[in-house]
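The values are calculated or read from the model by the stated rules, or taken from the named source; none is laboratory data. Note that the structure is predicted; figures quoted are calculated from it, not measured. Positions of Cβ are backbone-derived with ideal geometry, glycine not excepted, and every protein chain shown enters the neighbour counts.
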């Protein structure tokens, strides 16, 4: 085991909780900013004379770049560590909002908010998730839940804050102030001290050997960045398909929630507070879900628990078009917050459960870059449906239907996978228990190797069936 692969000397505590606090802040801005920006969309739409589909591209590009930047962020974290990468990401986020405040075209906003801001969020997100996996093992689900709770906490105060800023300073002044607020990500990055690791003294024979070592390291980083062997893992493929369907419909209901409430006759501040209500509910659900996922009964079945959360989320959106009053809209928002919080408290824990700590940084980079496609297309497609139909019902039906189907697919495939793994393990145990004679010794050994190879595909580096 190399020095980079050795676990830190202190796991599940100590400075790790300060790292969780930094990740809470960093992840909070990463996930809440694209949602909270929707408060400005109606004013930007009127000022720049663009359609619902055009305005939805702002959040879509920001989210897509955030996810597409995953592999680059992972490579930078592997090279420089989490602390400088999060600080750099915070600077990019602040600069992007300040620059966007001077925008006079929708394309300019795509570049500043979408590309530059999304790149900064990508650095923040992946670096935070990676360092948590290095500090926690037994309490990892709880640590992930607390860190991911940053999204609802920040959404809770960013939504009404943005509405206040919009009323006082219009959307340009609001973006200028928001850019200054996002510089707090630099403070979060300062908390992410690298975990202590054993010092390994290595004799450098000569300069040529050192250069060769650097080249080998670069080659290994490239292989990790483009590690397509993940697709040989059935659990990973099922997880990825379910996630693609979820992310296609996940963010459009949030982007258009305030506008939908206003279309029902709700006052603007009350409509903005719907995002805060969702944030408050989400705030408690994420750590609570982390605690539940850490129980002895749920943790071995965490993939199925994740599937249930997806179906729950999709059903909420399917029922939303039936709502005709503000109190019922609040009820929808509460259930939306519960289901959304459950999904995002489990989404990276499930990937860690499948891949293990050592392969997680590479896996999360590959997953996020693939997920950027539905992230990019989902909200604009929903906005196009609103432009065509003239109402929001078709948008909610589309998003709810896609998410529900994704959750049902993931649940079905996971049940089948668990059954297959159990059957393969049972067959392996039976073969080992059979008496072997000289005549059939070779055949028995071959069968046993084949079974063990099949089982090992679904086993993490610690030898635990995923």
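Scan 321, 327, 379 and give me the residue that is over 24 Å from residue 153 (Cβ atoms), in contact (Cβ under 8 Å) with a residue 60 or more places away in the chain and out of contact with any strand residue (DSSP E or B) (no Cβ under 9 Å at 6 or more places or on another chain). Quick ask: steps written out before the conclusion?
Details: 327 fails: in contact (Cβ under 8 Å) with a residue 60 or more places away in the chain; 379 fails: over 24 Å from residue 153 (Cβ atoms).
Criteria check complete, one pass: 321.
Which number in (1) modelled with pLDDT under 85; (2) under 30 Å from residue 45 (Cβ atoms); (3) more than 18 Å from the chain's Cα centre (by Cα); (4) in a helix (DSSP H, G or I) marks the one condition that residue 400 misses?
(1)
Here is a yes/no grid of residues against (1) closer than 20 Å to residue 194 by Cβ; (2) crowded, with 24+ Cβ neighbours inside 10 Å; (3) touching a strand residue (DSSP E or B) at 6+ places or on another chain (Cβ under 8 Å):
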{"site": "56", "(1), (2), (3)": "no, yes, no"}
{"site": "68", "(1), (2), (3)": "no, no, no"}
{"site": "73", "(1), (2), (3)": "yes, yes, no"}
{"site": "95", "(1), (2), (3)": "no, no, no"}
{"site": "104", "(1), (2), (3)": "no, no, no"}
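Tell me which residues, restricted to region 382-394, are part of a helix (DSSP H, G or I) and either within 20 Å of residue 69 (Cβ to Cβ) or touching a residue at least 24 places away in the same chain (Cβ under 8 Å) (or both). Spell out how you get there, then give the answer.
As a first pass, look at region 382-394 and keep what is part of a helix (DSSP H, G or I): 382-389, 393-394.
Matches in region 382-394: 382, 383, 384, 386, 387, 393.
Considering 175, 183, which residue is under 18 Å from residue 117 (Cβ atoms), touching a helix residue (DSSP H, G or I) at 6+ places or on another chain (Cβ under 6 Å), modelled with pLDDT of 85 or more and crowded, with 20+ Cβ neighbours inside 10 Å?
The conditions single out 175.
Could you tell me which of the residues 86, 77, 98, 65 is touching a helix residue (DSSP H, G or I) at 6+ places or on another chain (Cβ under 7 Å) and closer than 17 Å to residue 175 by Cα? Can you show your working first?
On the way: 86 fails: closer than 17 Å to residue 175 by Cα; 77 fails: closer than 17 Å to residue 175 by Cα; 65 fails: closer than 17 Å to residue 175 by Cα.
It is 98.
Can you find a residue in region 8-15 that is crowded, with 24+ Cβ neighbours inside 10 Å and either over 30 Å from residue 390 (Cα atoms) or out of contact with any strand residue (DSSP E or B) (no Cβ under 8 Å at 6 or more places or on another chain) (or both)? Reasoning before the result, please.
Of all residues in region 8-15, those crowded, with 24+ Cβ neighbours inside 10 Å come to none.
No: zero hits.
So which of 367, 415 ends up being farther than 27 Å from residue 71 by Cα, assigned to a helix (DSSP H, G or I) and at pLDDT below 85? Walk me through it before giving the result.
Numbers: 367 fails: farther than 27 Å from residue 71 by Cα.
Every option except 415 fails the conditions.
Which ones in region 260-275 are more than 25 Å from the chain's Cα centre (by Cα) and on the phi < 0 side of the Ramachandran plot?
Restricting attention to region 260-275, the residues satisfying the condition of being more than 25 Å from the chain's Cα centre (by Cα) are 260-271.
Within region 260-275, 260, 261, 262, 263, 264, 266, 267, 268, 269, 270, 271 meet the criteria.
Evaluate region 430-444: report whether one residue or more is surrounded by 15 or more Cβ atoms within 10 Å (Cβ to Cβ) and modelled with pLDDT under 70.
Yes - at least one qualifying residue is present in region 430-444.
As an exercise: evaluate residue 254 against (1) in contact with a helix residue (DSSP H, G or I) (Cβ under 7 Å, 6 or more places away or on another chain); (2) at pLDDT below 90; (3) over 20 Å from residue 63 (Cα atoms) and give the number of the one condition it does not meet.
(3)
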